[in-house]
Each structure stands twice: as structure tokens, then as C-alpha cells.
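Trainee: Pasting a structure below so you can have a look.
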Amino acid sequence: MILGEIIMAIKYSLETVQHSEQHSLAHSLLKDMLKGFYNIGYTEEMTEITEQGKPYLADYPDVHFNLSHSDGITACIVENSECGIDCEAVREYRPNVMKRAFSEKEREMIENAPENERDMLFFTLWTLKEAYIKAIGKGLSYPVNEAEFFIEDGKITSNIEGYEFRRYIIEDGKFVMATAIKINA
């Protein structure tokens, strides 16, 4: 399947909700999307978990989904292949996280970026990494510094093959969201 044929559905909510309510909001988005795109009447009880902790729908092996939420944003992706999504509120980045989670080339890219672009670049790379490890179902046990991403003129490139990566800047840079979708050849 080529990229143009991939059916991708992303929905996000910018409602200000308590952290404890974000889980419910994420599942509400999933319920709406599964009903709208696949005519599946979803309940949380339908969800099973892999050994690595990735949720899936055992009765619908060709329907893949992923959820994410951060302060002020909740996101959901539903796809016909492995997929992951991550969203973050853009804030001041933490150099100590960059040291252990980013490759040397990625660290250099952030450090060499104009100061007013560093936070967005950090969280763009972070959400791309998170979306990928969520797509493959490994969680943070995956050595995230081995997944390298580069952004030049808005185009994302990576050392990872077989996945399409996208980034979304929301509310004039208040939030960043990234997706990873396995491309079925």
C-alpha cells in the first residue's frame, strides 16, 4: 500500500480537562472513531493488552489504534496497520532527557537550532520517538536514542524503514503531535 492509500484518522481535543479525565476523553475519541470508520461499537472491555503493554482489539486484528494525552491535549489514531501517536504541550526542554534519549546528531541539531526553536524541535523529536515505540509496542524499554529523526524544511527523515512519520503543530506551537504508521507493502 502506498502512502496516498493509507487511511489515517486523527482526532484531538484541546479541552482543558483534569489529568484524571484525560483517560476517559481518549477512550471517548476512540469510541467515536471506531464507530465512524469501522462501525465497531467499542467499549473498554474489548481492549486486551500485549505482554509489552500495548492495547489492541482481539476481535478486530486488522484495526489498530493508539491513544495519547498530555496537559491540555488528548489524541487518538485508528489505522489499518500498526500505528502510534504521541502529543505534548511544548515547554522548556530538559537537557538531561536529551542526553539519554537522543542520538548525538539529534542533540547537535537541537543545540545548533536558533534558541527560540529549540523547545519545539526537542518536543517534535520526542513525540516522533514516542509515536514509533508505541507503534511497535515496545514502550520505553526500547532504546529511543537508536531511533534517529531529522527535520529539514518541514520534511521528516529517519533511520527507521517501513514507517511513515508525520508531525502536527497545534495552536500556533502550543502543542506538537506526531504519528508513526507502518506502511504495508
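The values are calculated or read from the model by the stated rules, or taken from the named source; none is laboratory data. Being a predicted model, the structure only gives us computed values, none of them experimental. So basically every Cβ, Gly included, is an ideal-geometry build from the backbone, and we count neighbours across all protein chains shown.
Trainee: Kindly evaluate residue 117 against the criterion of being free of Cβ contacts under 8 Å to residues at least 12 places away in the same chain, surrounded by 12 or more Cβ atoms within 10 Å (Cβ to Cβ) and either within 27 Å of residue 49 (Cβ to Cβ) or not aliphatic (A, V, I, L, M) (or both).
Mentor: Yes, satisfied.
Trainee: Also, quick follow-up: Quick check, is residue 78 buried (at least 22 other Cβ atoms within 10 Å of the Cβ), at negative phi and either without any contact (Cβ under 8 Å) to a residue 24 or more places away in the chain or in contact with a Leu (Cβ under 7 Å, 6 or more places away or on another chain) (or both)? Spell out the reasoning first.
Mentor: Working: buried (at least 22 other Cβ atoms within 10 Å of the Cβ): yes; at negative phi: yes; either without any contact (Cβ under 8 Å) to a residue 24 or more places away in the chain or in contact with a Leu (Cβ under 7 Å, 6 or more places away or on another chain) (or both): yes.
Yes, satisfied.
Trainee: So residue 92 ticks every box in (1) assigned to a loop (DSSP other than H, G, I, E, B); (2) over 26 Å from residue 152 (Cα atoms) but one. Which box is left unticked?
Mentor: With respect to (1) assigned to a loop (DSSP other than H, G, I, E, B); (2) over 26 Å from residue 152 (Cα atoms), residue 92 is out only on (2).
Trainee: Kindly check whether there is at least one residue in the range 98-118 that is within 11 Å of the chain's Cα centre (by Cα) and outside any helix (DSSP H, G or I). Before the answer, list the steps.
Mentor: First, pick out the residues of the range 98-118 that are within 11 Å of the chain's Cα centre (by Cα): none.
No.
Trainee: If you take the residues of the range 34-53 that are assigned to a helix (DSSP H, G or I) and among the aromatic types (Phe, Trp, Tyr), which of them is surrounded by the fewest Cβ atoms within 10 Å (Cβ to Cβ)?
Mentor: 37
Trainee: In the range 1-49, what count of residues is obtained for those that are among the polar types (S, T, N, Q), at pLDDT below 85 and farther than 22 Å from residue 137 by Cα?
Mentor: Of the residues in the range 1-49, 4 are among the polar types (S, T, N, Q), at pLDDT below 85 and farther than 22 Å from residue 137 by Cα.
Trainee: Quick check on my filter: what residues within the range 127-185 are buried (at least 16 other Cβ atoms within 10 Å of the Cβ) and assigned to a helix (DSSP H, G or I)?
Mentor: Once the filter is applied, which keeps residues that are buried (at least 16 other Cβ atoms within 10 Å of the Cβ) and assigned to a helix (DSSP H, G or I), the range 127-185 yields 127, 128, 129, 130, 131, 132, 133, 134, 135, 136, 144, 145.
Trainee: Can you tell me which of (1) in contact (Cβ under 8 Å) with a residue 60 or more places away in the chain; (2) touching a strand residue (DSSP E or B) at 6+ places or on another chain (Cβ under 6 Å) is the one residue 150 doesn't meet?
Mentor: Only one criterion in (1) in contact (Cβ under 8 Å) with a residue 60 or more places away in the chain; (2) touching a strand residue (DSSP E or B) at 6+ places or on another chain (Cβ under 6 Å) is unmet by residue 150, namely (1).
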